[in-house]
Amino acid sequence: MELTEIDALQIAKRVDAILHVPGNYRGGNLEMTLVIDTSMEKADFQDAAATVVKALKRSNEIFRNVRLNLVFWGQEMTSVVTPMAMLMTGGAFKEYRACPQKKKYEELFAYLKKFHARSKVVLVFADEKNAVADAQAAREALTPFLKSRILLISDRVVSGTAFFLENS
């Protein structure tokens, strides 16, 4: 996954739009989640994640003090609280192990709805091979709030609302 500076700035603008959805972010410390699909090799997402984080930090003061939940989406989902600076330097991925497999988005969405409901922004770096097996379960997990807070980043950037409408 190759992201240019322009792509990263566009993602930062979309994140800013997510934060300005009425009722989403009211100020104070921001909590956000970054999901890494373990089907990808470290080289595939590490630079892209660092580029996006740098663009976010440059674009808005809100990103100076962020509680960042880093979720590794594999056979089991693991969550770690990580400083944004660790993403920029690559230190957050020292223990990373790729385990390629096809995954279902509805399982990820259900996990995020259950354990990361406080996150105001969710960025998902995913392999394009993942799919939706049960569209109804995916729609239920995205409703009512997750669809307005999530960005899926793979070969293209898709908002949660667009993903919701595509799978209706």
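Points worth noting:
- Any hit, the stretch 150-157, residues being assigned to a helix (DSSP H, G or I) and in contact with a helix residue (DSSP H, G or I) (Cβ under 6 Å, 6 or more places away or on another chain): no
- Scanning the stretch 133-144 for residues that are surrounded by 16 or more Cβ atoms within 10 Å (Cβ to Cβ) and not in a helix (DSSP H, G or I) gives no hits.
- When each of Gln136, Gln101 is tested for being of a type in the set (S, T, N, Q) and touching a residue at least 60 places away in the same chain (Cβ under 8 Å), the lone residue that passes is Gln101.
- Single unsatisfied condition, Val80 versus (1) at pLDDT below 90; (2) at negative phi: (1)
- Answer residue from the stretch 105-132, given it is over 17 Å from Ala162 (Cα atoms) and not in a helix (DSSP H, G or I) and is most open to solvent (accessible area, probe 1.4 Å) among those: Arg118
- Flag if Glu61 is closer than 18 Å to Ile18 by Cβ and open to solvent by 20 Å² or more (accessible area, probe 1.4 Å): yes
- Looking across the stretch 158-168, not a single residue is assigned to a loop (DSSP other than H, G, I, E, B) and within 13 Å of the chain's Cα centre (by Cα).
- Taking the listed residues Val21, Val80, Val71, the one that is surrounded by 19 or more Cβ atoms within 10 Å (Cβ to Cβ) and not in a helix (DSSP H, G or I) is Val71, with no other qualifying.
- Filter result for Ala92 (open to solvent by less than 50 Å² (accessible area, probe 1.4 Å), in a helix (DSSP H, G or I), in contact with a Ser or Thr (Cβ under 9 Å, 6 or more places away or on another chain) and more than 30 Å from Ser168 (Cβ to Cβ)): yes
- You will find that of Asn65, Asn69, the residue that is more than 22 Å from Glu128 (Cα to Cα) and either of a type in the set (Phe, Trp, Tyr) or modelled with pLDDT of 95 or more (or both) is Asn69 and no other.
The values are calculated or read from the model by the stated rules, or taken from the named source; none is laboratory data. The shown structure was predicted, so the numbers you read here are calculated from the model rather than taken from an experiment. Here the Cβ is made from the backbone with ideal geometry for all residues, glycine too, and neighbour counts use every protein chain on show. Heads up: the accessible areas ignore ligands, DNA and RNA and are worked out on the full protein's heavy atoms, side chains in. Shrake-Rupley method; radii C 1.70, N 1.55, O 1.52, S 1.80 Å.
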